[in-house]
Amino acid sequence: MKAVFDLKEAMDKKMISTNRKVVTFGEVMLRLTAPDFRRFSQTNEFIATYGGSEANVAVSLANFGIPTEFVTRLPDNAMAQACIASLRANGLGTEGIVFGGKRMGLYFLESGASFRNSNVVYDREGSSFATLRPGMIDWEKIFADADWFHCHKRAPTPVWKLYKRPTAWA
């Protein structure tokens, strides 16, 4: 298995293909977007979707026909089940998702308009992913049939402990 830090380079060099499984790891959050380019102060309604960098990468890969597994930690509730249904509808494997904690991370989005930049407000503190600890994810099982791994450089330390083994980069 190889670590992927530059996904574009890997795709350009054809190092990732439809017969090689990619595992992505990161936080997926509930995104609440103010509709019609409104500011937060101009609306009482929000459009709910799910997103996060690594989930978005996995969806992009799945759209190219590349098998993907998305790994994260979510609470055991109806919102998390709706999120998982959305991930699956986009072609992602979700067997690596573990359950625990009390809530999903949130982010609020004001879409940019004309000369106004987009505005994002994050609410991640205490989320299921933020409270992830070593031993909560069975990395040996997840990586058993994986060819590539993608995560953010700020991913929690449980994932990096796996790579201290000398055979991890073989």
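The values are calculated or read from the model by the stated rules, or taken from the named source; none is laboratory data. This is a predicted model, so every value here is computed, not measured. Positions of Cβ are generated from backbone atoms using ideal geometry, with glycine treated the same way; all protein chains shown enter the neighbour counts. Surface accessibility is based on the protein's heavy atoms, side chains included, excluding ligands, DNA and RNA. Shrake-Rupley method; radii C 1.70, N 1.55, O 1.52, S 1.80 Å.
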Among strands (runs of 3 or more DSSP E) entirely within the stretch 42-131, at least 1 residues that are free of Cβ contacts under 8 Å to residues at least 24 places away in the same chain and exposed (fewer than 14 other Cβ atoms within 10 Å of the Cβ) occur in 47-51, 119-123
Name the residues in the stretch 99-146 that are in contact with a helix residue (DSSP H, G or I) (Cβ under 9 Å, 6 or more places away or on another chain) and under 17 Å from Thr33 (Cβ atoms), would you? Met104, Phe108, Glu110, Ser111, Gly112, Ala113, Arg116, Asn119, Val121
I'd like to know if the stretch 140-151 contains one or more residues that are at positive phi and either open to solvent by less than 40 Å² (accessible area, probe 1.4 Å) or in contact (Cβ under 8 Å) with a residue 12 or more places away in the chain (or both). no
